[in-house]
Amino acid sequence: MPPSTTPAPSGEPFVIGVVNSEGNPGVDFPDFSIAFRAAAEYINTELGGFGGRPLELIVCATQASPESSQACAQDLAARGVDMAMIGLDLFVAYGTFESAGIPVIGAVPVFAGDYSANAVYITAGNLVVQAATANAIVSEKYLGLKRVAIIAADSAATADALTYLEPALRAGGAEFVTIKGGETESDAGYRSLMQQAAAFDPTAIIVFYSQAGCVGLMRARADLGIDVPSFASTACLGDTVIDAVGDAAVGWYFAGASGGAESDDSRNMRKYVADVTGKRPDQIDRYGFTSLGWDQLLTIWKVAANLDVALSGDAINEAFRSGRGRFWASDAPLECGSVPALPSVCLFEIPFARYTERGIEPAFGGAQVSALDVLEF
């Protein structure tokens, strides 16, 4: 990579306080913090910082409790950060940030209250991911399929996702069955779950499992000769899964992934994340929360770089809210607050990737699939 010709940042740092859940079994998302640190290094090294000022991150890890989230918010407020950035926090202390005059920008809303909070959420969260998945399946613009089997780990996270997916499938005129399994299963258990799904005679299958579950279910689908379109999260497109299942991934769709050849930005992400973690770039997965965290901070940088007023957290927040934001990865417009029932959300459409005999490709001709077609307010 040639050295950057952009002047090095100087002056007083622009300070972003980060809140992210780490270190608690079941609610542990260090990939966000790693990605934020990598993106900050990239911004300072190659993009000239924030408005010519060096970017500084103060990271506070929560322990999946209201008390720890509140403690993080109080600590960041006491340090006088310019803005707060949320990785994944189950109990964001919005009131504390608001009282301190600190704007909040997050990656994904988690619970219903996040969608109407005094915050900006750049990407969709479960509501938009699940509704867009339903739309991709039921709409005649995409697959036009109306009989869906859902295979889901019996967990709180899955239950939350189903509260958005099931109504969206109904709104699209689909019949569906939901089959629950343990949070982890043996190979025989995953095969049994896939057999139960096949017994419904579905025209599409949706899976809610982690990477290990995706390996088991992809293998089971292939072994059973099931060839209906099947959907999983972007995390299940990770190298760990694809290396394990090989051609068993053919026919699977992945919500939120764009597919296609690796981009220069993805190579940059791998390089800088490798620097932070001490790994080689080829060991860095270009999907999942690492990629999302990278895109989140760089989207904020992109908005800051196009301000027509002095740099501040409030100015960045206002630019998002007035529709002047553009998503880093796709340049999609971020129309924050355009849906009154979901005032904090900025993006209501996502891409899908499909795994074929040729590898990962954009699904649906690369179209962004909207969640709004099957959402009822």
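Based on DSSP H runs of at least 4 residues, each adding -39500 (n - 2.57), what is the mean residue ellipticity at 222 nm of the chain after dividing by all its residues, to the nearest 500 deg cm²/dmol?
Helices in the chain give a 222 nm mean residue ellipticity of -11500 deg cm²/dmol.
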**Item:** Peptide ranges 301-311, 100-110, 127-137 listed from the most packed, as the mean C-beta count within 10 angstrom indicates
**Value:** 127-137, 100-110, 301-311
**Prompt:** Per 5 Å bin, what is the whole-percent P(r) computed from every C-alpha pair distance within segment 287-356?
**Reply:** 3, 16, 24, 23, 18, 10, 4, 2, 1, 0
**Complete:** Over all viewing directions the Cα convex hull of segment 316-365 casts an average projected area in nm² of 4.5 nm²
**Prompt:** Any idea what the relative contact order of segment 1-113 is, in percent, if you count C-alpha pairs under 8 Å spaced at least 6 apart?
**Reply:** 31 percent
**Fill in**
Percent relative contact order for the chain, counting Cα pairs under 8 Å at least six residues apart, stands at 18 percent
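Take every DSSP beta bridge with both residues inside the chain and express the antiparallel ones as a percent of the total, to the nearest 5.
25 percent
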**Request:** Take the Cα atoms of segment 180-233, build their convex hull, and give its volume per residue in Å³.
**Result:** 68 Å³
**Cα-based equivalent ellipsoid, segment 98-194: semi-axes from gyration tensor eigenvalues, Å** = 30, 20, 10
**Message:** Given N residues in segment 80-155, what is its alpha carbon radius of gyration divided by 2.2 N^0.38 Å?
**Reply:** 1.47
**Message:** Can you give the log10 of the normalised intensity I(q)/I(0) at q = 0.17, 0.21 Å⁻¹, computed with Debye over equal Cα scatterers of segment 197-294?
**Reply:** -0.77, -1.04
**Complete:** Going fewest to most other Cβ atoms within 10 Å around each Cβ, 328, 252, 294 line up as 328, 252, 294
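Just to check, using Stokes-Einstein with a Kirkwood Rh over alpha carbon pairs, what's the diffusion coefficient of segment 1-123 at 25 °C and 0.890 mPa s in µm²/s?
Using the Kirkwood radius from Cα pairs, D works out to 164 µm²/s.
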**Item:** For segment 144-208: span of alpha carbons on each principal axis (Å, largest first)
**Value:** 34, 26, 12
**Asked** Where the centre of each part is set by its Cα atoms, how far does segment 284-332 sit from segment 61-80, in angstrom?
**Response** 23 Å
**Asked** Counting pairs of alpha carbon atoms under 8 Å apart in space and at least six apart in sequence, what relative contact order in percent does segment 69-192 give?
**Response** 18 percent
**Request:** From zero up to wherever the largest Cα-Cα distance of segment 231-366 sits, split into 10 Å bins and tell me the percent of pairs in each.
**Result:** 11, 35, 32, 18, 4, 0
**Item:** Antiparallel bridge percentage (DSSP; both residues within segment 228-377; nearest 5)
**Value:** 75 percent
**Item:** Bins of 5 Å, starting at 0 and running to the largest distance - Cα pair percent for segment 130-286
**Value:** 2, 9, 18, 20, 19, 14, 9, 6, 3, 0
**Residues 90, 334 arranged by fewest to most Cβ contacts within 10 Å** = 90, 334
**Pair residue 67, residue 341: separation of 7 Å Cα→Cβ label points (nm)** = 3.7 nm
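Each reported figure results from applying straightforward, stated rules to the coordinates on display, with no laboratory input. What you see is a predicted model; the values in this text were computed from it and never measured. Backbone-built Cβ (ideal geometry, glycine too); neighbour counts: all protein chains shown.
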